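Remarks on the structure that follows.
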Amino acid sequence: MAEHLQPAALPPVKISPKEGFFLGEFDAMASPCELLIETQETHIARSITALAAREATRIEHKFSRYRPDSVVSHINCANGATVEIDEETYRLLNFADTCFSLSNGLFDVTAGVLRKAWRFDGSDNVPEESTVTPLLANIGWQRTQLTENHFTLPPGMEIDLGGIGKEYAVDKVAGSIKARHPGISTVVNFGGDIQVTERRRLDKPWLIGIENPVLASDASTIVKIYQGGLATSGDARRFLLKNGKRYSHILNPFTGYPVENPPRSVTVAADNCTQAGLIATLSMLQGAQAKSFLTSQRVTHWIYD
Amino acid sequence: MQLNHKGSIATALAGATCALLGQSPAHADTDSSVLKDWKFDTAILYYGETDRVSLAESVISATKTNNDDSIFNVKLVLDTLTGASANGAVPQPAVQTFSRPSGKDSYQVAAGETPLDDTFRDTRVQVASSWMQPFAETWRGTAGINVSREYDYMSLGVNGLLEKDLFQRNTTLSAGLSYQFDSIDPVGGKPTPLSSMLIPSDNSDADEDTGQYSKNGSDNKTTMDLLFGVTQVINRRMLMQFNYGLSVVDGYTTDPYKVLSVIDANGVTQDIIYENRPDTRTRHSFFWQTKYALDSGVADVSYRFATDDWDINSHTIDSRLRFNLSDRSYIQPHFRYYQQSAADFYQPFVNQSAPLPMYASADYRVGEMTAYTVGLKYGRELDNGHEWAVRAEYYQQDPKNAGFDQPGVLADLDLYPSVKAVILQFNYHF
Amino acid sequence: MKRKALYVSVLIALSQLGGCASLGVQPWERDLLAKDEMELGAEGIDLGLDDHIYFSKEATSGGRSFAGGGCGCN
């Protein structure tokens, strides 16, 4: 439960002046986290970076599957028992429920159990069907029960909020900065998931490079962003390769196997980072139809096949 | 397993994320665009006048936006002109013979027809390049050069523009300077002003000396432009621009291929002489433009008034109204109206009995005229982000009589025929 | 009488101008102005081609930008 969580230790933060803004850096959620802060004041930059690090670490500790004291671990270890949940957890699980229905079951936070069979480490280690198929029995969000104060997960099943958590953290951090330091436009960038808190003074855009997995790593596309969020879904390093066939890390929860022929990487722009991230992920789940899906959704996007 | 609710998932997610983040519904003003390494605008245009000139023009423009928001642009224009254009002489009830610009050949014009010189065939190549550099937060400087070359003409130009944003970019002041050097090397040489056009005789061995004596060499002119502008954001939907321009031309402004008829009291042509225009021209122009964002479209209206020391005053109204048919396509009607008064040296012909003026031109383009353009454009964005558009327009010029009598045989002839043209254009942006 | 009506309407127009002392928008109100088609020089290729046609067929050029020369067509 949230109130039992240990206060999270803050990661070391670093700030450095750049031309016209400060760069704030720290590590959280297994990603490098960056802030571009439009201020000339060192103390404001430090205060904003510390605020971001505190909020990011709080969310990581609360919802990481890897932390035994997290809310997610508590739910996964309940062995079928109903667990009491707080309001924030309810909102996240309710959002997961919406994504499940919107995607007709393709986006399922209980599909994480497939990790027991699949390890996307760049090797040719494709699991046997006999390993994959039994796991399908433990997938199915529709079998969970969610109310405002309680959540019940059938025994053997697990949830993994990894597909939502980082984008959620980016938006929460951006929201805190905007509330505490209005008027100071800040880019929150957690490993490529990005939110701009508000428009810059003089209405200039922020220029942000998005990684192009096809080209050399230093060749990135530059995106001009005034306001809103950006998120990328891709398998730049997470895939398997066997007999010339590429296995993407995007798994279909109905078959237990990777989606066929998804793009290598999709970047989406939307009002906020969470929305952008979900649209990017849902498009990857469409496999070869990712492009037409994105087009039909009328969102600004960049695809690399 | 297909997600078939077209367009609705993004919308549903927008609502769901608002609930998740505890925010009021997000305003859909995400505004991001790619700075691809290069963007290309290409177009081909056909311009065709009934029985007269036709022009085929192609443009390719490449733009690179750099990481510091500076912009480099290079543009290549190629065009080919063929066909006939009015040489300035009046029609006659009898067949007329004119010398070709080379002086070595002649052409005939039927009775009652407006004399057209059908010799025109020219290819023009133009290269223009510019660099825009933002600096000190609210300033932008642009420098450009251009070169253009055709068979008898060469032009070189440099220009600079300085812009300053004020009041949170709601006001932009600009000041620009352009200098253009043009040199013309007319086919067959530059004619002596107001000298007679000699008709080469059928006896070709007499041509070499006699046909050339009134024509020699080349000439040039310079054009200096100053431009001052204010752009003002009025409100969330409206934007306004006002420009003042001063343009000073110095040098050879005469069209070496244009002539005037010298007529007697009966309106019968006695001689054909080359035109002559003043060697300076100073023009002031006032330009106002407004753009208004409609719920699904844009209204764009501009008005220009120009006045110069040749006594040409002109009014131009140009309007484009864009209607978005969907998120990815639009139609845009275009209407333009133009009206000019005649230059003080314009006259449709020269009276044999009157003293020869110092400057004279019968070119209808410096005479009194009205013109209008109506057109329609349709544009569409493709799935890959490329865009194409087609445009079809009709342009008609109606030269007017600025109060000149038409004596004798001219009374029944049309000295001010309308010029009708169609414009077809295809654009592709990628 | 007519002149007086004009005078009154000019006065009204002027007072309205004075009334909206705050011309312009805040940065977050630029959603519509930020559209490509709202740029003053949108459709620059079309404007360039038009300028060339009208430069060679009419006695006035420029206004929007430099009047220039660069063409032997006039």
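What's the whole-number percent of alpha carbon pairs in the protein assembly as shown lying beyond 34 angstrom? Please list the in-between numbers first.
Values: 198532 of 326836 pairs.
Within the protein assembly as shown, distances greater than 34 Å cover 61 percent of Cα pairs.
Dipole magnitude of the range B:107-195 about its Cα centre, charges +1 at Lys/Arg Cβ and -1 at Asp/Glu Cβ only, in debye to the nearest 20? Please report the intermediate quantities before stating the final value.
Values: 7 positive and 11 negative charges, 82 e Å.
Here the range B:107-195 has a charge dipole of around 400 debye.
To make sure I understand the rule: partners must be lysines, Cα under 20 Å from the Cα of B:K400, and not fewer than 8 residues away in the same chain. Which ones qualify?
B:K400 reaches B:K258, B:K420, C:K57.
For chain A, give the magnitude of the charge dipole about the Cα centre (Cβ charges: +1 Lys/Arg, -1 Asp/Glu; no others), in debye to the nearest 20.
Details: 30 positive and 34 negative charges, 111 e Å.
Here chain A has a charge dipole of around 540 debye.
Connecting C-alpha atoms closer than 10 Å in a GNM of chain A, tell me which of A:S265, A:S248, A:S103 has the biggest fluctuation.
A:S103
When B:L162, C:L32, B:L410 are ordered from fewest to most other Cβ atoms inside 10 Å of their Cβ, what list results?
Sorted ascending by nearby Cβ count, the order is B:L162, C:L32, B:L410.
Given H placed 1.01 Å from N in the peptide plane, which residues other than close sequence neighbours of A:G140 have an amide H under 5 Å from its amide H?
Under 5 Å from the amide H of A:G140: A:T110.
Is the C-alpha gyration tensor of the range A:67-160 telling us rounded, prolate or oblate? Criteria: a/c under 1.5 is rounded; beyond that, a/b larger than b/c is prolate, otherwise oblate. Walk me through the numbers before you get to the answer.
Working: a/c = 2.00, a/b = 1.69, b/c = 1.18.
In terms of gyration-tensor shape, prolate.
If you wrap a convex hull around the Cα atoms of the range B:38-429, how much volume per residue is inside, in Å³?
On the way: hull volume 59.6 nm³, N = 392.
Convex hull of Cα atoms, per residue: 152 Å³.
Are there DSSP H segments in chain A that both extend 20 Å or more along their axis (alpha-carbon positions) and score a mean Kyte-Doolittle hydropathy of at least -1.0? List them, or say none.
Numbers: long enough: A:42-63 (32 Å, -0.21); A:87-102 (22 Å, -0.04); A:162-180 (27 Å, -0.22).
Answer set is A:42-63, A:87-102, A:162-180.
In this model, which of B:K75/B:K221; B:K221/B:K377; A:K166/B:K39; A:K172/B:K164; B:K164/B:K291; A:K224/B:K39 are farther than 26 Å apart at the alpha-carbon?
With Cα atoms farther than 26 Å apart: B:K221/B:K377; A:K166/B:K39; A:K172/B:K164.
Have a look at B:Y359, B:V262, B:W139 and report the one farthest towards the positive end of the charge dipole of the protein assembly as shown, computed about the Cα centre with Cβ charges (Lys/Arg +1, Asp/Glu -1).
Working it through, the farthest residue towards the positive pole turns out to be B:W139.
Can you return the aspartates and glutamates within cross-link range of A:K204? Criterion is Cα-Cα under 12 Å, with same-chain partners fewer than 8 residues away left out.
Leaving aside aspartates and glutamates fewer than 8 places away in the same chain, those within reach of A:K204 are A:E38, B:D31, B:D68, B:D69, B:E137, B:D165.
Connecting C-alpha atoms closer than 10 Å in a GNM of chain A, tell me which of A:D108, A:D97, A:D86 has the biggest fluctuation.
Sorting by GNM fluctuation, first place goes to A:D86.
How would you rank A:S185, B:S54, B:S302, B:S418, going from fewest to most other Cβ atoms within 10 Å of each one's own Cβ?
Values: A:S185 24, B:S54 16, B:S302 20, B:S418 13.
Ascending Cβ contact count within 10 Å gives the list B:S418, B:S54, B:S302, A:S185.
With everything on Cα atoms, drop me the angle between helix B:8-21 and the longest principal axis of chain B, reported from 0 to 90° to the nearest 10.
For B:8-21 against chain B, the angle is about 50 degrees.
Is the C-alpha gyration tensor of the range B:71-212 telling us rounded, prolate or oblate? Criteria: a/c under 1.5 is rounded; beyond that, a/b larger than b/c is prolate, otherwise oblate. Walk me through the numbers on the way to the answer.
Working: a/c = 3.63, a/b = 2.87, b/c = 1.27.
Prolate shape, in that a/c is at least 1.5 and a/b is the bigger ratio.
Quick check: net charge around B:V127, other residues with Cβ under 12 Å of its Cβ, Lys/Arg +1 and Asp/Glu -1?
Net charge around B:V127: +3.
With θ taken as phi - 60° and the coefficients 6.51, -1.76 and 1.60, list the Karplus ³J(HN,Hα) couplings across the range A:228-233 in order, rounded to whole Hz; mark glycine and proline as x.
Whole-Hz 3J(HN,Hα) from phi for the range A:228-233: x, x, 9, 8, 10, 10.
Counting only other residues whose beta carbon sits under 14 Å from that of B:E368, what net charge do I get with K and R as +1, D and E as -1?
Net charge in that neighbourhood comes out at -3.
Would you mind checking which residues have amide H under 5 Å from B:G112's amide H? H placed 1.01 Å from N; only 5 or more apart, or other chain.
B:Q92, B:A94
Rounded to the nearest 0.05, what FRET efficiency is calculated for B:D250 and B:E137 with R0 set to 41 Å and r the Cβ-Cβ distance?
Once rounded, the FRET efficiency stands at 0.60.
Can you compute the helix-only [θ] at 222 nm over the protein assembly as shown? Use -39500 (n - 2.57) per DSSP H run of at least 4 residues, normalise by all residues, nearest 500 deg cm²/dmol.
It lands at -5500 deg cm²/dmol.
Taking Cα pairs under 8 Å and at least six residues apart, what relative contact order does chain A come out at, in percent?
Numbers: 621 pairs, mean separation 48.9, N = 305.
That works out to 16 percent.
Pairs of Cα atoms under 8 Å, at least six residues apart: use those to get the relative contact order of chain B, whole percent.
Reported relative contact order: 12 percent.
For chain A, set up a Gaussian network in which alpha carbons nearer than 10 Å are linked by springs, and say which option among A:G244, A:G175, A:G122 fluctuates the most.
Comparing A:G244, A:G175, A:G122 in a Gaussian network model of chain A, the most mobile one is A:G244.
So if I place +1 on the C-beta of Lys and Arg and -1 on the C-beta of Asp and Glu, and nothing else carries charge, what would the dipole magnitude of the protein assembly as shown be about its Cα centre? I want it in debye, nearest 20. Mind dumping the intermediate values first?
Values: 72 positive and 97 negative charges, 531 e Å.
Once rounded to the nearest 20, the dipole reads 2540 debye.
State the answer as a single residue: which of B:A392, B:L13, B:T82 lies farthest towards the positive end of the charge dipole of the protein assembly as shown, with beta carbon charges of +1 for Lys and Arg and -1 for Asp and Glu, about the Cα centre.
B:L13
With unit charges on the beta carbons (Lys and Arg positive, Asp and Glu negative) and the dipole taken about the Cα centre of the protein assembly as shown, which residue among B:Q289, B:L410, A:L146 sits farthest to the positive side?
A:L146
Report the local net charge at B:P91: Lys and Arg +1, Asp and Glu -1, summed over other residues whose C-beta lies under 12 Å from its C-beta.
For residues surrounding B:P91, the net value is -3.
Would you mind giving the three semi-axes, in whole Å and largest first, of the ellipsoid equivalent to the range A:33-77 according to its Cα gyration tensor?
32, 8, 5
Across all directions of projection, what mean area in square nanometres is found for the Cα convex hull of the range A:205-305?
Computing the convex hull of the Cα atoms and averaging its projections yields 6.8 nm².
Which percent of Cα-Cα pairs in the range B:321-429 sits in each 10 Å bin, short to long?
With 10 Å bins starting at 0, P(r) equals 12, 30, 22, 16, 12, 7, 2, 0.
What is the fewest-to-most order of A:C99, B:C18 by other Cβ atoms lying within 10 Å of their Cβ?
Details: A:C99 24, B:C18 17.
Going from least to most buried by this count: B:C18, A:C99.
Can you give the Rg to Rh ratio for the range A:1-123, taking only C-alpha atoms and Rh from Kirkwood?
1.07
Give me the percent relative contact order of the range A:67-160, please, defined on Cα pairs under 8 angstrom at least 6 residues apart.
47 percent
Under 14 Å Cα to Cα from B:K64, which aspartates and glutamates show up? Leave out anything in the same chain fewer than 8 places away.
Filter leaves B:D37, B:D41.
Sticking to Cα atoms, compute the Rg of chain A to one decimal and its Dmax as the biggest Cα-Cα distance, whole number, in Å.
That works out to 19.7, 60 Å for Rg and Dmax.
Bear in mind these aren't lab numbers, they're just calculated from the coordinates by the rules spelled out. Computed from a predicted structure; not experimentally measured. No Cβ is skipped: glycine too gets one built from the backbone with ideal geometry, and neighbour counts run over all protein chains shown.
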